[in-house]
Amino acid sequence: MQWYLAAPLLFRLQRMVTDKEKAFFAGVSAFSLLIYLYARNMIGAYWLQGRLWQFCAGVIAALYLPKEQCLAPSPEEEVLLKQYDDKLERVGLLDSGDRHTERSEANLSWPAYIRSFLRHPVFLLPLLIPVMWFRFPTFDLRLYITAASALLLYAGQKEEGFMFLTNRAAVFLGDISYVLYLTHWPLHCIAKYNSDIFSKSAELGICITTGIALLVHFHIARFYREMSSKATTFFFIGVVVITVFMSMKEVNYENDRLHYATIGLHDAYYDIVNSIY
(Lines give C-alpha, C1' and ligand atoms only; values in the text may rest on other atoms or scores of the structure.)
Protein backbone atom coordinates (compact mmCIF):
# COMPACT_ATOMS: atom_id res chain seq x y z
CA MET A 1 0.00 0.00 0.00
CA GLN A 2 2.89 2.36 0.73
CA TRP A 3 4.21 1.76 -2.78
CA TYR A 4 1.03 3.13 -4.30
CA LEU A 5 1.59 6.34 -2.36
CA ALA A 6 5.31 6.56 -3.15
CA ALA A 7 5.21 5.58 -6.84
CA PRO A 8 3.73 8.88 -8.15
CA LEU A 9 6.29 10.82 -6.11
CA LEU A 10 9.14 8.73 -7.51
CA PHE A 11 8.01 9.27 -11.09
CA ARG A 12 7.62 12.99 -10.41
CA LEU A 13 11.12 13.14 -8.91
CA GLN A 14 12.56 11.24 -11.86
CA ARG A 15 11.10 13.70 -14.35
CA MET A 16 12.48 16.63 -12.35
CA VAL A 17 15.98 15.15 -12.03
CA THR A 18 16.70 13.31 -15.29
CA ASP A 19 15.14 11.97 -18.44
CA LYS A 20 17.04 8.67 -18.12
CA GLU A 21 14.23 6.62 -16.63
CA LYS A 22 16.00 3.26 -16.56
CA ALA A 23 19.14 4.65 -14.90
CA PHE A 24 17.10 6.48 -12.27
CA PHE A 25 15.06 3.46 -11.20
CA ALA A 26 18.14 1.21 -11.41
CA GLY A 27 19.85 3.57 -8.95
CA VAL A 28 16.83 3.55 -6.64
CA SER A 29 16.80 -0.26 -6.83
CA ALA A 30 20.50 -0.53 -5.98
CA PHE A 31 20.19 1.82 -3.00
CA SER A 32 17.09 0.00 -1.76
CA LEU A 33 18.79 -3.38 -2.13
CA LEU A 34 21.73 -2.19 -0.02
CA ILE A 35 19.33 -1.10 2.71
CA TYR A 36 17.62 -4.48 2.57
CA LEU A 37 20.89 -6.42 2.78
CA TYR A 38 22.47 -4.43 5.60
CA ALA A 39 19.42 -3.88 7.81
CA ARG A 40 19.61 -6.16 10.83
CA ASN A 41 16.86 -8.44 12.10
CA MET A 42 15.12 -8.36 8.73
CA ILE A 43 13.85 -4.85 9.48
CA GLY A 44 14.61 -3.99 5.87
CA ALA A 45 11.96 -6.47 4.81
CA TYR A 46 9.30 -4.33 6.48
CA TRP A 47 10.56 -0.96 5.26
CA LEU A 48 9.33 0.58 2.09
CA GLN A 49 12.90 1.78 1.51
CA GLY A 50 14.13 -1.78 1.74
CA ARG A 51 11.49 -3.13 -0.62
CA LEU A 52 11.60 -0.54 -3.40
CA TRP A 53 13.99 -2.70 -5.42
CA GLN A 54 11.27 -5.31 -5.88
CA PHE A 55 8.74 -2.80 -7.20
CA CYS A 56 11.32 -0.99 -9.34
CA ALA A 57 12.16 -4.29 -11.07
CA GLY A 58 8.68 -4.25 -12.57
CA VAL A 59 9.04 -0.57 -13.49
CA ILE A 60 12.33 -1.21 -15.30
CA ALA A 61 10.85 -4.19 -17.16
CA ALA A 62 7.91 -2.02 -18.25
CA LEU A 63 10.28 0.74 -19.42
CA TYR A 64 11.98 -1.75 -21.75
CA LEU A 65 8.69 -2.57 -23.47
CA PRO A 66 7.97 -0.98 -26.85
CA LYS A 67 6.48 2.48 -26.45
CA GLU A 68 3.70 1.66 -28.88
CA GLN A 69 2.63 -1.32 -26.79
CA CYS A 70 -1.08 -1.00 -25.98
CA LEU A 71 -2.98 -2.41 -23.06
CA ALA A 72 -4.93 -5.61 -23.57
CA PRO A 73 -8.59 -4.99 -24.40
CA SER A 74 -11.03 -5.19 -21.53
CA PRO A 75 -13.82 -7.82 -21.59
CA GLU A 76 -16.26 -5.10 -22.70
CA GLU A 77 -13.96 -4.10 -25.57
CA GLU A 78 -13.57 -7.74 -26.60
CA VAL A 79 -17.36 -8.07 -26.85
CA LEU A 80 -17.57 -4.93 -29.01
CA LEU A 81 -14.75 -6.14 -31.26
CA LYS A 82 -16.45 -9.52 -31.67
CA GLN A 83 -19.73 -7.83 -32.58
CA TYR A 84 -17.89 -5.66 -35.10
CA ASP A 85 -16.18 -8.68 -36.67
CA ASP A 86 -19.49 -10.54 -36.88
CA LYS A 87 -21.03 -7.56 -38.63
CA LEU A 88 -18.18 -7.44 -41.16
CA GLU A 89 -18.54 -11.16 -41.74
CA ARG A 90 -22.26 -10.82 -42.45
CA VAL A 91 -21.66 -8.14 -45.09
CA GLY A 92 -18.85 -10.18 -46.66
CA LEU A 93 -15.92 -7.99 -45.66
CA LEU A 94 -14.34 -10.66 -43.50
CA ASP A 95 -13.55 -14.22 -44.56
CA SER A 96 -15.17 -16.59 -42.10
CA GLY A 97 -12.81 -19.37 -43.21
CA ASP A 98 -9.79 -17.38 -42.10
CA ARG A 99 -11.48 -16.69 -38.78
CA HIS A 100 -12.18 -20.39 -38.31
CA THR A 101 -8.55 -21.25 -39.09
CA GLU A 102 -7.25 -18.68 -36.62
CA ARG A 103 -9.57 -19.93 -33.93
CA SER A 104 -8.57 -23.55 -34.50
CA GLU A 105 -4.90 -22.59 -34.27
CA ALA A 106 -5.59 -20.64 -31.10
CA ASN A 107 -7.11 -23.68 -29.39
CA LEU A 108 -4.32 -25.09 -27.24
CA SER A 109 -4.11 -28.70 -26.19
CA TRP A 110 -2.73 -29.87 -22.88
CA PRO A 111 0.58 -31.03 -24.45
CA ALA A 112 1.04 -27.47 -25.71
CA TYR A 113 0.59 -26.20 -22.15
CA ILE A 114 3.19 -28.71 -20.96
CA ARG A 115 5.67 -27.65 -23.66
CA SER A 116 5.18 -24.02 -22.72
CA PHE A 117 5.80 -24.88 -19.09
CA LEU A 118 8.99 -26.80 -19.86
CA ARG A 119 10.29 -24.03 -22.13
CA HIS A 120 10.28 -21.67 -19.17
CA PRO A 121 11.79 -23.59 -16.23
CA VAL A 122 12.38 -20.29 -14.42
CA PHE A 123 8.77 -20.57 -13.20
CA LEU A 124 9.13 -24.21 -12.11
CA LEU A 125 11.13 -23.60 -8.92
CA PRO A 126 8.45 -21.61 -7.02
CA LEU A 127 6.08 -24.56 -7.45
CA LEU A 128 8.67 -26.99 -6.09
CA ILE A 129 9.66 -24.95 -3.04
CA PRO A 130 6.87 -26.30 -0.77
CA VAL A 131 8.05 -29.90 -1.31
CA MET A 132 11.79 -29.27 -1.01
CA TRP A 133 13.58 -31.03 1.83
CA PHE A 134 15.61 -27.95 2.82
CA ARG A 135 14.72 -24.40 3.78
CA PHE A 136 15.13 -22.01 0.86
CA PRO A 137 16.94 -18.80 1.91
CA THR A 138 14.45 -15.95 2.27
CA PHE A 139 16.49 -13.39 0.37
CA ASP A 140 17.36 -15.77 -2.46
CA LEU A 141 13.70 -16.68 -2.86
CA ARG A 142 12.63 -13.02 -2.83
CA LEU A 143 15.30 -12.14 -5.39
CA TYR A 144 14.40 -15.11 -7.58
CA ILE A 145 10.67 -14.34 -7.60
CA THR A 146 11.35 -10.66 -8.35
CA ALA A 147 13.60 -11.53 -11.30
CA ALA A 148 11.10 -14.08 -12.61
CA SER A 149 8.26 -11.55 -12.40
CA ALA A 150 10.29 -8.94 -14.27
CA LEU A 151 11.13 -11.53 -16.92
CA LEU A 152 7.46 -12.41 -17.24
CA LEU A 153 6.51 -8.76 -17.78
CA TYR A 154 9.21 -8.27 -20.39
CA ALA A 155 9.04 -11.56 -22.29
CA GLY A 156 5.25 -11.55 -22.33
CA GLN A 157 5.32 -8.55 -24.68
CA LYS A 158 8.01 -10.02 -26.93
CA GLU A 159 5.73 -12.53 -28.66
CA GLU A 160 6.85 -15.14 -26.15
CA GLY A 161 3.96 -17.35 -25.15
CA PHE A 162 3.20 -18.32 -21.56
CA MET A 163 0.15 -20.44 -22.23
CA PHE A 164 -0.07 -21.87 -18.73
CA LEU A 165 -0.21 -18.31 -17.36
CA THR A 166 -2.42 -16.59 -19.93
CA ASN A 167 -5.52 -18.80 -19.83
CA ARG A 168 -8.64 -17.30 -18.29
CA ALA A 169 -8.43 -19.28 -15.05
CA ALA A 170 -4.82 -18.30 -14.37
CA VAL A 171 -5.48 -14.65 -15.23
CA PHE A 172 -8.49 -14.52 -12.92
CA LEU A 173 -6.56 -16.13 -10.06
CA GLY A 174 -3.73 -13.67 -10.60
CA ASP A 175 -6.09 -10.69 -10.57
CA ILE A 176 -8.16 -11.77 -7.59
CA SER A 177 -5.25 -12.98 -5.44
CA TYR A 178 -3.75 -9.53 -4.96
CA VAL A 179 -7.16 -7.99 -4.29
CA LEU A 180 -7.77 -10.75 -1.75
CA TYR A 181 -4.39 -10.07 -0.16
CA LEU A 182 -5.11 -6.34 0.22
CA THR A 183 -8.68 -6.91 1.41
CA HIS A 184 -7.87 -9.27 4.24
CA TRP A 185 -5.63 -6.79 6.09
CA PRO A 186 -8.28 -4.27 7.22
CA LEU A 187 -10.63 -7.12 8.10
CA HIS A 188 -7.85 -8.76 10.09
CA CYS A 189 -7.21 -5.53 12.03
CA ILE A 190 -10.92 -5.02 12.73
CA ALA A 191 -11.32 -8.60 13.88
CA LYS A 192 -8.20 -8.51 16.04
CA TYR A 193 -8.84 -5.26 17.89
CA ASN A 194 -12.61 -4.83 17.81
CA SER A 195 -14.24 -8.24 17.67
CA ASP A 196 -13.54 -11.84 18.55
CA ILE A 197 -16.02 -13.31 16.07
CA PHE A 198 -13.47 -13.92 13.32
CA SER A 199 -10.91 -15.34 15.73
CA LYS A 200 -13.44 -18.04 16.63
CA SER A 201 -14.48 -18.67 13.03
CA ALA A 202 -11.75 -18.48 10.42
CA GLU A 203 -14.17 -19.80 7.80
CA LEU A 204 -16.47 -16.81 8.32
CA GLY A 205 -13.56 -14.43 7.93
CA ILE A 206 -12.46 -16.15 4.71
CA CYS A 207 -15.98 -15.97 3.25
CA ILE A 208 -16.38 -12.26 4.07
CA THR A 209 -12.91 -11.44 2.73
CA THR A 210 -13.56 -13.35 -0.49
CA GLY A 211 -16.92 -11.63 -0.98
CA ILE A 212 -15.41 -8.16 -0.55
CA ALA A 213 -12.52 -9.06 -2.86
CA LEU A 214 -14.95 -10.14 -5.60
CA LEU A 215 -16.94 -6.91 -5.14
CA VAL A 216 -13.77 -4.84 -5.48
CA HIS A 217 -12.53 -6.80 -8.48
CA PHE A 218 -15.74 -6.71 -10.53
CA HIS A 219 -17.21 -3.34 -9.55
CA ILE A 220 -15.08 -0.93 -7.51
CA ALA A 221 -11.90 -1.45 -9.55
CA ARG A 222 -13.80 -0.87 -12.80
CA PHE A 223 -15.27 2.35 -11.39
CA TYR A 224 -11.79 3.52 -10.37
CA ARG A 225 -10.36 2.84 -13.85
CA GLU A 226 -13.07 4.99 -15.41
CA MET A 227 -12.37 7.97 -13.14
CA SER A 228 -10.88 11.10 -14.70
CA SER A 229 -7.38 12.26 -13.81
CA LYS A 230 -8.80 15.11 -11.70
CA ALA A 231 -11.05 12.74 -9.75
CA THR A 232 -8.11 10.37 -9.27
CA THR A 233 -6.04 13.25 -7.87
CA PHE A 234 -8.71 14.17 -5.33
CA PHE A 235 -9.08 10.50 -4.41
CA PHE A 236 -5.32 10.19 -3.87
CA ILE A 237 -5.26 13.31 -1.67
CA GLY A 238 -8.20 11.96 0.31
CA VAL A 239 -6.37 8.68 0.96
CA VAL A 240 -3.31 10.59 2.19
CA VAL A 241 -5.43 12.73 4.54
CA ILE A 242 -7.25 9.70 5.93
CA THR A 243 -3.91 7.94 6.46
CA VAL A 244 -2.53 10.93 8.37
CA PHE A 245 -5.58 11.10 10.65
CA MET A 246 -5.43 7.37 11.32
CA SER A 247 -1.74 7.63 12.23
CA MET A 248 -2.63 10.22 14.89
CA LYS A 249 -4.46 7.63 16.96
CA GLU A 250 -2.68 6.52 20.11
CA VAL A 251 -1.57 2.90 20.15
CA ASN A 252 -0.37 0.52 22.81
CA TYR A 253 3.34 -0.23 22.52
CA GLU A 254 5.22 -2.25 25.13
CA ASN A 255 2.59 -1.56 27.82
CA ASP A 256 2.72 2.16 27.13
CA ARG A 257 0.67 4.66 25.16
CA LEU A 258 2.40 5.87 22.00
CA HIS A 259 1.31 8.83 19.90
CA TYR A 260 3.03 9.15 16.52
CA ALA A 261 2.72 12.95 16.61
CA THR A 262 5.20 13.02 19.50
CA ILE A 263 7.93 11.39 17.38
CA GLY A 264 10.26 14.04 15.99
CA LEU A 265 12.63 13.88 13.04
CA HIS A 266 15.55 13.26 15.41
CA ASP A 267 13.78 10.25 16.94
CA ALA A 268 12.89 8.86 13.52
CA TYR A 269 16.47 9.28 12.27
CA TYR A 270 17.83 7.58 15.40
CA ASP A 271 15.45 4.65 14.97
CA ILE A 272 16.41 4.23 11.31
CA VAL A 273 20.16 4.28 12.00
CA ASN A 274 19.77 2.01 15.03
CA SER A 275 17.74 -0.51 13.04
CA ILE A 276 20.41 -0.67 10.31
CA TYR A 277 23.45 -0.89 12.56
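The values are calculated or read from the model by the stated rules, or taken from the named source; none is laboratory data. As the structure is a computational prediction, the values presented were derived from the model and not from experiment. Heads up, the Cβs are rebuilt from the backbone with ideal geometry, glycines too, and the neighbour counts pull from every protein chain shown.
With respect to the numbered conditions (1) under 22 Å from Leu151 (Cα atoms); (2) part of a helix (DSSP H, G or I); (3) at pLDDT below 90, which one is the sole condition not fulfilled by Phe24?
Condition (3) is where Phe24 drops out.
Of all residues in segment 179-221, count the ones that are modelled with pLDDT of 80 or more, farther than 24 Å from Phe235 by Cβ and of a type in the set (S, T, N, Q).
So the answer is 1.
Any chance you could count how many residues in segment 152-174 are at pLDDT 75 or above and either in contact with a His (Cβ under 6 Å, 6 or more places away or on another chain) or of a type in the set (A, V, I, L, M, F, W, C) (or both)?
Result for segment 152-174: 5.
Would you point out which residue out of Lys82, Lys87 is exposed (fewer than 12 other Cβ atoms within 10 Å of the Cβ), among the basic types (Lys, Arg), under 27 Å from Phe223 (Cβ atoms) and at pLDDT below 90?
Testing whether each residue is exposed (fewer than 12 other Cβ atoms within 10 Å of the Cβ), among the basic types (Lys, Arg), under 27 Å from Phe223 (Cβ atoms) and at pLDDT below 90 leaves just Lys82.
Every residue, every condition in (1) within 20 Å of Leu153 (Cβ to Cβ); (2) of a type outside the set (Gly, Ala, Ser); (3) at pLDDT 90 or above, yes or no:
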site	(1), (2), (3)
Gln2	no, yes, no
Ala6	yes, no, no
Leu10	yes, yes, yes
Met16	no, yes, yes
Leu33	yes, yes, no
Tyr38	no, yes, no
Asn41	no, yes, no
Phe55	yes, yes, no
